[in-house]
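Visitor: For reference, the structure I am asking about is given below.
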Amino acid sequence: MHESPATDVDRAALDTVKKVGMVPVEVTIPDWPYRSLQLIVAAEAAAAFEDLTLTHGVDQLKMQTPDAWPNAFREARFLSAVDFVQTDRFRRKVAQEMSRVFSQVDMLLVPSLRDEILDITNATGHPSLTLRAGFIEVSEARSDWDPDPAKPPAKFSPPRRVPHGVTLIGRLFDEGRLGSAGLALERSFGVADQRPPGF
């Protein structure tokens with residue numbers, strides 16, 4: 001499984017969890033191809049926006065990079081029904097694995113909701129709450145889209161101080177506990193009121 005390196009903010013958040021009275025427990029999930037679950041999200045999105053695609057209204061959307069939604073809508077029209085069924089079977093297997101994990105813990109704390117955990121929660125419906133936990137320095141802008149060679153990401157010199165979050169993932173239908181934990185952590189992080197000049 002791909003893992004983004006933890007930041008100092010992520011490590012400090014783990015310490016904060018202990019300060020507010022939560023007991024961290026390490027859990028693991030199998031190294032499965034979670035990214036393949038995006039096929040279901042793409043198919044459902046393409047079905048929801050089918051009229052927009054068939055009338056070429058999708059051509060008017062601004063972001064047209066290879067992995068942007070307009071192309072996901074177009075590509076999803078060519079998905080195999082067999083692939084969809086097999087991916088849905090995999091989704092069930094992932095949901096069963098998440099049930100196993102949540103039999104051991106009340107919630108998960110993960111670095112800002114990205115990568116595999118985002119694919120998992122999109123497919124299983126587990127509630128999530130992302131909180132600003134601190135700030136990091138970045139030297140280059142980041143995008144969730146594939147790079148556009150015609151528009152490379154902006155570089156920053158000196159580096160910019162930007163918010164960095166952590167995400168709580170809760171049990172199904174347990175949003176109340178997630179909200180309570182989020183409020184306790186937000187108070188302890190003490191950064192919710194920090195804003196750039198002019199905001």
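Visitor: Give the distance, in whole Å, between the Cα centre of the range 148-199 and the Cα centre of the range 38-85.
Guide: Here the answer is 29 Å between Cα centres.
Visitor: Another question, if that's okay. Whole-Hz Karplus ³J(HN,Hα) for the range 124-137, in order, using 6.51 cos²θ - 1.76 cosθ + 1.60 and θ = phi - 60°, x for Gly and Pro?
Guide: 9, x, 5, x, 9, 9, 9, 10, 6, 10, x, 9, 10, 9
Visitor: Would you please put 134-140, 106-112 in order of how densely packed they are, using the mean number of other Cβ atoms within 10 angstrom per residue and starting with the highest? Please report the intermediate quantities before stating the final value.
Guide: Details: 134-140: 14.3, 106-112: 19.9.
Most protected by this proxy first, the peptides run 106-112, 134-140.
Visitor: From largest to smallest, what semi-axes in whole angstrom does the chain give when each is the square root of 5 times an eigenvalue of its alpha carbon gyration tensor?
Guide: Here the semi-axes work out to 31, 26, 15 Å.
Visitor: Restrict the search to the range 21-104; then list the chymotrypsin sites (Phe, Trp or Tyr not before Pro) that DSSP places in a loop and that have at most 10 other Cβ atoms within 10 Å of their Cβ.
Guide: Sparse-neighbourhood loop chymotrypsin sites (Phe, Trp or Tyr not before Pro): PHE78.
Visitor: Of the trypsin sites (Lys or Arg not before Pro) in the range 4-76, which ones lie in a loop per DSSP and count no more than 15 other C-beta atoms within 10 Å?
Guide: Passing both the DSSP loop test and the Cβ count: LYS62.
Visitor: Could you list the trypsin sites (Lys or Arg not before Pro) in the range 88-131 that lie in coil according to DSSP, counting only those with at most 16 other Cβ atoms within 10 Å of their Cβ? Mind showing how you got there, number by number?
Guide: Details: sites: ARG89, ARG91, ARG92, LYS93, ARG100, ARG114; in loops: ARG114.
Within the range 88-131, the qualifying trypsin sites (Lys or Arg not before Pro) (loop, at most 16 other Cβ atoms within 10 Å) are ARG114.
All of the numbers you see were taken from the coordinates with simple rules; none came from a lab. Every value quoted in this text rests on a predicted model; they were computed, and no experiment measured them. Reconstructed Cβ throughout: ideal geometry from the backbone, glycine too, with neighbour counts over all protein chains shown.
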